[in-house]
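Participant: The structure's right below; bear with me while I get my questions together.
Any read-out appearing in this document is the output of simple, stated calculations on the displayed coordinates, not a laboratory observation. From a predicted model like this one, the values you see are computed outputs, not experimental measurements. Cβ: placed from backbone, ideal geometry, glycine included. Neighbour counts: every protein chain shown.
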Amino acid sequence: MFKPVVAVAVIMGVMAVSMPASAETTLSYANFPPAKTFPCVQMERWKQEVEKRTGGKIKVQTYPGSTLLGAKNTLRGVMSGQADIGCVSLAYHPGAFPLCSVMELPLGFTTSTSASLALWDLFQKYKPEEFKRVKVLTMFASAPSNIMSKTPVRSLADLKGLEIRASGTLSTILNALGATPVSMPMSETPEALQKGVVKGLFSSFEVLKDFNFAEICRYETETNTAVYPFAIIMNLRSWNALPEDVKKIFNDLGREQAKWTGNYMDNHVKKALAWSEEKYGIEVIRFSDEEMQEIEEKTAPLIEEWKSKSSAKGVDAAAVLKFVEDAKMKYEPAE
Ligand code: DTR
């Protein structure tokens, strides 16, 4: 005989089992460049790890390609809660990060991994004021920057007056080398190159493949000057609302994610170069030792400039620089 009470109890039981969702939270994560670029690849890896390690309690909805927030409004957008999490390229906000911008200087990092770990340690050591309105989940840096151009740059003389895209301190590096830097976020670069507003760009080589820049920039001049630092930030209210066990999972992922991203980037640069050589027959140009020496001399004053600007904002610049140099020694691969 049909027993309605039992039936209801069974249905409710099924619902209880299939809807443990009462404690489930979905976090939005905004990123500015296209999905296949390294900031977004690392975002998908972080999402996967978080969903796995929290047993599905936390879901992450990712928004690559500026679909939620663009390159320059992510910082503000995350602070105001338009997104829970966002990816910020520090170089797009000159003056906003007086301490961590040390990582934009020509310090000679040769890999993304060593620069990412140095940046993470730097953040942990100083917990700088400049990030006090957000929670920093992880940080990482691009691989070192090189010149990718439509015409060959075989010497500094070839660079003179050439319009090259960069951002932040990396624009001032180009300026010191005699180029004409044009500052813009990476997400605006494909159009600028297409339209001829710039004749090349200053970034890490993996973009040759990820943005197909190898098609238009057939000449790649290795300078290995400076990296671009990034921070993954979270809205403070969203962070504070998380249960302690989830906070711990996020905190534990901070350094691990920095290292993962560095490794991914370093391997991907190699693959992108091989791909570009094969597909477009790009030429990789190496400056002479004299030329490299001249680059070092011409860019050295930028370090002094950074010191005086950041000191004026209360940063112990000499100590910060020393910390980064020591971290570089620790993490740089043995030659
Ligand atoms: N050029 C730097 C860093 C960077 C290197 N590869 C990518 C890919 C997508 C976005 C940024 C970057 C920059 O513009 O931030």
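Participant: Compute the relative contact order of region 197-274 as a whole-number percentage, counting only Cα pairs closer than 8 Å that sit 6 or more residues apart in sequence.
Facilitator: After rounding, I find 63 percent.
Participant: Now, a different point. When PHE202, PHE140 are ordered from fewest to most other Cβ atoms inside 10 Å of their Cβ, what list results?
Facilitator: PHE202, PHE140
Participant: Tell me, SER142, SER288, SER149 in order of fewest to most beta-carbon neighbours within 10 Å? Mind dumping the intermediate values first?
Facilitator: On the way: SER142 29, SER288 10, SER149 26.
Ranked by crowding around the Cβ, least crowded first: SER288, SER149, SER142.
Participant: Let me ask something else. From the backbone phi of region 176-182, what are the Karplus-calculated ³J(HN,Hα) couplings (6.51 cos²θ - 1.76 cosθ + 1.60, θ = phi - 60°) in whole Hz, Gly and Pro given as x?
Facilitator: Values per residue, Gly and Pro as x: 4, 8, x, 7, 10, x, 10 Hz.
Participant: For labels at THR180 and GLU296 in the simple 7 Å Cα→Cβ model, what's the distance in nm?
Facilitator: Output for this residue pair reads 3.1 nm.
Participant: Let me have the relative contact order for region 74-208, percent, based on Cα pairs under 8 Å that are six or more residues apart.
Facilitator: About 24 percent, as a whole number.
Participant: Right, next: So, with +1 on the Cβ of K and R and -1 on the Cβ of D and E, and no other charges, what is the size of the charge dipole of the chain about its Cα centre, to the nearest 20 debye?
Facilitator: 1420 debye
Participant: Turning to a different aspect of this structure: Just want the answer: with Cβ charges of +1 for Lys and Arg and -1 for Asp and Glu, which residue in PRO243, SER171, ALA272 is farthest toward the dipole's positive end in the chain?
Facilitator: Towards the positive end, the residue furthest out is PRO243.
Participant: Hey, got the dipole for region 68-194? About the Cα centre, +1 on K and R Cβ, -1 on D and E Cβ, debye to the nearest 20?
Facilitator: Computed charge dipole of region 68-194: roughly 140 debye.
Participant: Based on the alpha-carbon set only, what is the convex hull volume of region 193-335 divided per residue, in Å³?
Facilitator: Values: hull volume 29.3 nm³, N = 143.
Hull volume over Cα atoms, normalised by residue count, gives 205 Å³.
Participant: Follow-up. Just going by the charge dipole of region 72-135, with Lys and Arg at +1 and Asp and Glu at -1 on Cβ, which of LEU99, ILE85, THR111 is farthest out on the positive end?
Facilitator: ILE85
Participant: With the dipole of the chain worked out from charges on the C-beta (+1 for Lys and Arg, -1 for Asp and Glu) around the Cα centre, which of THR180, GLY262, VAL153 lies farthest toward the positive end?
Facilitator: Sorting the options by dipole projection puts first GLY262.
Participant: Shifting gears a bit: ALA319 to TYR280: FRET efficiency via 1/(1 + (r/R0)^6), r the Cβ-Cβ distance, R0 51 Å, to the nearest 0.05?
Facilitator: Using R0 = 51 Å, I get an efficiency of 0.65.
Participant: So what's the gap between the Cα centers of region 159-181 and region 253-314, to the nearest angstrom?
Facilitator: Spelled out, the Cα-based centre of one part sits 14 Å from the other.
Participant: Which of ALA300, ALA258, ALA312 moves most in a GNM of the chain, Cα contacts under 10 Å?
Facilitator: So, out of ALA300, ALA258, ALA312, the one fluctuating most is ALA312.
Participant: Still on this model: Using a Gaussian network for the chain with springs between C-alpha atoms less than 10 Å apart, which of these wobbles most: PRO229, PRO243, PRO106?
Facilitator: PRO243
Participant: How do GLU256, GLU163 line up, fewest other C-beta atoms within 10 Å first?
Facilitator: Lowest count first: GLU256, GLU163.
Participant: Once you've got the Cα coordinates, tell me which of LYS72/LYS309; LYS127/LYS271; LYS59/LYS135; LYS47/LYS127 are over 29 Å apart. Working shown, then result.
Facilitator: On the way: LYS72/LYS309 22 Å; LYS127/LYS271 35 Å; LYS59/LYS135 18 Å; LYS47/LYS127 24 Å.
Beyond 29 Å: LYS127/LYS271.
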